[in-house]
Number of protein chains: 2
Amino acid sequence: MAEERATQVPLAFSGAALDRSSIDRRDAAWMAAQRSRAEARSLMLSERGLWVEDGRLLLVAPGADAVFLGLVGDRPLFAGDATEGEPDRGHPAGLREAATELSAEEAALGAYAASLLSWHRRHRFCANCGAPTEVVDAGHERRCPSCGAHHFPRTDPVVIVRVVDLRDRLLLGRQGSWPQGRFSVLAGFVEPGETLEEAARREVLEESGVVVDEASYMASQPWPFPSSLMIGFNALGEGEPRPGDGELEQVRWFERDEVEAAAAGRGEIMLSPPYSISRRLIDGWLADPG
Amino acid sequence: MAEERATQVPLAFSGAALDRSSIDRRDAAWMAAQRSRAEARSLMLSERGLWVEDGRLLLVAPGADAVFLGLVGDRPLFAGDATEGEPDRGHPAGLREAATELSAEEAALGAYAASLLSWHRRHRFCANCGAPTEVVDAGHERRCPSCGAHHFPRTDPVVIVRVVDLRDRLLLGRQGSWPQGRFSVLAGFVEPGETLEEAARREVLEESGVVVDEASYMASQPWPFPSSLMIGFNALGEGEPRPGDGELEQVRWFERDEVEAAAAGRGEIMLSPPYSISRRLIDGWLADPG
């Protein structure tokens, strides 16, 4: 709990204060009524980003194809794909930019919408038979008129693991494609047929050669790039790190003072942004001196 | 920890003792060498189930299309789809049956294989463009030769929540399609743009009207029906339950003695099987008297 209190910046992309109305939205008559209400609004996304104006989400009247996000208070909120018709106001912002420039609630709505719309964009056809699919359930399902298959938005679980050793050092690695000096805790997709804890152990071993003891759950964060759910663990590790699977170009143990300097914006390395679970895991370790 | 010690039956479908060789398997030459080794074996699945013989997995020489599961010890293990050519030995067993009849390790291998093969069976076409896709990475990816999209096996995170109230009662519900008298803790798919804790709160509210306080993580379990990952939480709840979203036909608070009787196989209701995380959550509550 001491760790929790020590963290100041909220995790971005969570905390959307809305009622998803998961049952009501399946009712076509209810949905049509919501869509035609004067107070209904739609946020807009294109492949260039989330549309904002004056530091807030740009909200417009919902188009016929907009997917339903839920009720914010009593107002129906939708998300529209602006790729083939951009709004004539505001400008597109990347989601990472939105995470710092918008309020936490608006960034969370943007992340939710981005995951949903990118799924539609990349799933227009039936994976089972190849036919074009149709949108149902107000945008929360696609159905195949040819073979009848139901398709639901995808959420990919990812384990992200803070590994510390008995000498109180932190395991961080970097991918070659990242900005110079940027390091993070290790992460990877959960594979079929494994628990979260098994995935944590496998990923750390594959990426670094470090053997991880029992992993304990910390927190989770939606990560809309495009549709991951980051699931954070703390673990005790042992071993001499070496880049293992071609994903990391560098991985090593860091002393506490090196990581403290990085968190303060000094020193050789840069950490993940404050709104990320990677940084939350690291800040928790810094706030908890052994 | 007292809860953990009190549970006797291991969670099924986890604990596969194998090295997935996630890096090596991308190397076509390495894979070809593994496939042609004399000690290579393949378990077999059809839509009728997992093939077993004398209470063990039936293992045969791997066919050309078998997907690679990993190395068990030093032996390469594959999984073959027997739908269009069933083995002439053994018989198919459902996965739930396998969970009790096979060793924990073999059941875990079967679950892993079942998730992977059912994904292939239902994802032969590109969701992005509709063209037929090709198997790459030894069966851990499908790629589209037409538009170039990469497709990975899907794992759907599900929250499963043990809700107890301040009067030490347990919230259980039942779906109309279940065997008569069967009750379980509540569960539901995580939606895009929510944390696990937000999903737990939303699902319980939708299905029962009960409001849940902070949820704390307990354990996770691969659930190959067809490709879920059950993520278990404990939570404190308050409210008068009523079936909410049409999924449950009955939901109510149960007294401790009712649940104890059910766990002992007596009384009015039946609980989920001992190898399920649903039952693990319930047994943990029974073992921890307030």
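Just so it is clear, none of the values below were taken in a lab; they were calculated from the coordinates. Keep in mind that what you see is a predicted model, and the values were worked out from it rather than measured. Neighbour counts are summed over all protein chains in view; Cβ atoms, including those assigned to glycine, are modelled from backbone coordinates with ideal geometry.
Quick rundown of the values:
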| quantity | calculated |
| --- | --- |
| Highest to lowest packing among A:161-167, A:188-194, scored as the average C-beta count within 10 Å | A:188-194, A:161-167 |
| Shielding by partners - mean other protein chain Cβ count within 10 Å, residues of A:212-222 | 3 |
| Rg(Cα) / (2.2 N^0.38 Å) computed for the stretch B:117-174, rounded to two decimals | 1.91 |
| Chain A: relative contact order in percent, alpha carbon pairs under 8 Å with at least 6 residues between | 19 |
| Where labels lie 7 Å past Cα in the beta-carbon direction, separation of A:R48 and A:D27 in nm | 4.0 |
| Whole-Å semi-axes of the stretch B:82-147's equivalent ellipsoid (Cα gyration tensor) | 30, 13, 10 |
| Convex hull per residue volume in Å³, alpha carbons only, for the stretch B:9-116 | 99 |
| Spin-label zone in the stretch A:96-115 - amide nitrogen under 19 Å from a point set 7 Å from the Cα of A:E39 along the C-beta vector | A:106 |
| Under the Debye formula (equal points on every Cα, no solvent term), log10 I(q)/I(0) of chain B at q = 0.15, 0.17 Å⁻¹ | -1.14, -1.30 |
| Cα centre as origin, Lys/Arg/Asp/Glu Cβ charges: the stretch A:152-290 dipole, Debye | 500 |
| Cα centroid separation, the stretch A:150-209 to the stretch A:84-149 (Å) | 26 |
| Sorted by Cβ density within 10 Å, fewest first, the residues B:W223, B:W119 | B:W119, B:W223 |
| Fraction of the pair-distance distribution of the stretch B:156-286 above 21 Å, Cα-Cα pairs, percent | 34 |
| Simple Cβ-charge dipole of the stretch B:1-159, Lys/Arg +1 and Asp/Glu -1, about Cα centre, in debye nearest 20 | 420 |
| Residues B:L59, B:L116, sorted so that the one with the fewest Cβ neighbours within 10 Å comes first | B:L59, B:L116 |
| P(r) histogram, all alpha-carbon pairs of the stretch A:149-210 included - 10 Å bins from 0, percent | 20, 42, 27, 9, 3, 0 |
| Tensor-based shape of the stretch A:52-191 (alpha-carbon gyration tensor, a/c under 1.5 rounded, otherwise prolate or oblate) | oblate |
| Farthest positive-ward along the stretch A:156-286 dipole, Cα basis, beta-carbon charges - from A:P157, A:V212, A:W285 | A:W285 |
| DSSP H segments from chain A that extend 15 Å or more along their own axis, Cα-based, with Kyte-Doolittle mean of -1.0 or above | A:104-122, A:196-208 |
| Per-residue Cβ neighbour rank within 10 angstrom, fewest leading, A:E197, B:E258, A:E47 | A:E47, B:E258, A:E197 |
| Per-residue mean of C-beta atoms belonging to partner chains within 10 Å, peptide B:11-20 | 3 |
| Peptides ranked, highest mean first, by Cβ atoms within 10 Å: ranges A:278-284, A:90-96 | A:278-284, A:90-96 |
| The protein assembly as shown, Cα convex hull volume normalised per residue, Å³ | 168 |
| Residues B:R256 and A:A287, FRET efficiency given R0 of 41 Å [Cβ-Cβ distance, rounded to 0.05] | 0.60 |
| Gaussian network model of chain B, springs between alpha carbon atoms under 10 Å - residue of B:A79, B:A16, B:A28 with greatest fluctuation | B:A28 |
| Cβ-vector label at 7 Å, B:D65, separations to other copies in nm | 3.6 |
| Test item: B:122-132 mean partner chain Cβ contacts at 10 Å | 6 |
| Charged-residue dipole, Cβ positions (Lys, Arg, Asp, Glu), chain B about Cα centre, Debye nearest 20 | 780 |
